[in-house]
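Every number here is computed from the coordinates shown, using simple stated rules; none is lab data. Keep in mind it's a predicted model, so treat the numbers as computed, not measured.
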Ligand code: SF4
């Protein structure tokens, strides 16, 4: 019997009728495994210990990730495309499509790239939702297959980024500059986490960087919410943001106005 697509060790969730992961109604596939460990992560299951399947667990390349063989890729791409195509009618009616999210989809290019190719063959609109933390060669392969890239920008200071996400930010910023040089269609996503990402200094540095180094002026502000504590408890993972409260409407609007005053187009959420 073939496995159900949403319980493979490579895709931990398929979410239908998503309206916050790109334009229109979308089917979002969440890839298992992420090289980052953001303190505020809403998908901690992407970093949780992978399901054990025989001896395949030896070569984990990102926390929570399981390697995949070429045979598995072929089977899984077929299964996943079949699942995605069940929602074609909604995509057509809403100008939606598929979004590859995670975890970090770029952590599994062996599956991601053939899957993107298969969706392109079906003329399905593709969004790539990424932290940008990947070798540029991989990012470029995926970004040039996508119709739209959703790219996180979180914290500009290298040490602070490392403290909050487990990795430095310089690769992410270098990659963003290179995508800009290639004129990749891209929207930014900024997680507004009170006291962690919303300082005047951080916002100022984000704006300076984007204005000086990139063509990107469209930013989605994602207000932190603390509704995932149950997930952390279930997974026996520490929730570092348990003590934080969501930003107030005024706080969100203040940040929005700072971006708007610098010429940015802003969206709250999505
Ligand atoms: S990049 Fe996204 S999935 Fe990965 S740890 Fe950060 S918030 Fe979670």
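Points worth noting:
- Across region 143-270, counting alpha-carbon atoms alone, Rg and Dmax equal 15.2, 44 Å.
- In the chain, the DSSP beta bridges split such that about 15 percent are antiparallel, to the nearest 5.
- Radius of gyration, Dmax [region 111-152; alpha carbons; angstrom]: 9.9, 28
- Anisotropy class of region 5-268 from Cα gyration tensor, a/c 1.5 cut: prolate
- Springs join every pair of Cα atoms under 10 Å in this Gaussian network model of the chain, and among 154, 187, 86 the largest mean-square fluctuation is at 86.
- Selected from 77, 260, 155 as most flexible by GNM, with the chain as the system and alpha-carbon contacts under 10 Å: 260
- Percentage relative contact order, the chain, counting C-alpha pairs under 8 Å, at least six apart: 17
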